[in-house]
Amino acid sequence: MHKRSIRDCAVDRVCYRVNAVLLVLFLVIVTYPFLYIVSCSFSSGQALISGKVVLLPVEFTLEGYQAIMEYRDIWTGCPRPYWRCWCCGSPSACGKAISIR
């Protein structure tokens with residue numbers, strides 16, 4: 001017995017190629033910002049300010065991560081609970097934030 005297969009027509013093949021190109025383009029557009037952020041996090045501040053970082057880290061350093069790890073509030077959470085007033089820190093709404101007369 002001969003195995004029969006269904007062939008794609010020319011329009012289908014063109015459509016598959018156009019879809020593949022568009023998906024690759026979309027992948028590049030979506031992944032570039034993430035790669036840029038990661039390379040910025042490993043680059044020195046001077047390289048960032050001067051605009052040398054494009055895709056790969058320049059002047060590799062871990063100073064940014066060291067500064068973050070030394071920041072105490074990262075380990076303990078927010079220094080003030082979220083239910084407190086934003087202007088004075090009191091546990092309930094205060095007259096400083098909203099003037100009630």
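Computed from the coordinates by the stated procedures, all read-outs in this text should not be read as laboratory data. Every value quoted in this text rests on a predicted model; they were computed, and no experiment measured them. Cβ sites come from the backbone with ideal geometry, for glycine too, and all protein chains shown count toward neighbours.
How long is the gain from Trp75 to Ile37 if the chain were fully straight, where each residue apart is worth 0.36 nm and the alpha carbon distance is subtracted?
11.4 nm
Using Cβ counts within 10 Å as a stand-in for footprinting exposure, how do Cys40, Cys15 rank, fewest first?
Listed from fewest to most nearby Cβ atoms, that is Cys15, Cys40.
With 10 angstrom as the radius, rank Ser50, Ser39 by how many other C-beta atoms surround their C-beta, starting from the fewest.
Ser50, Ser39
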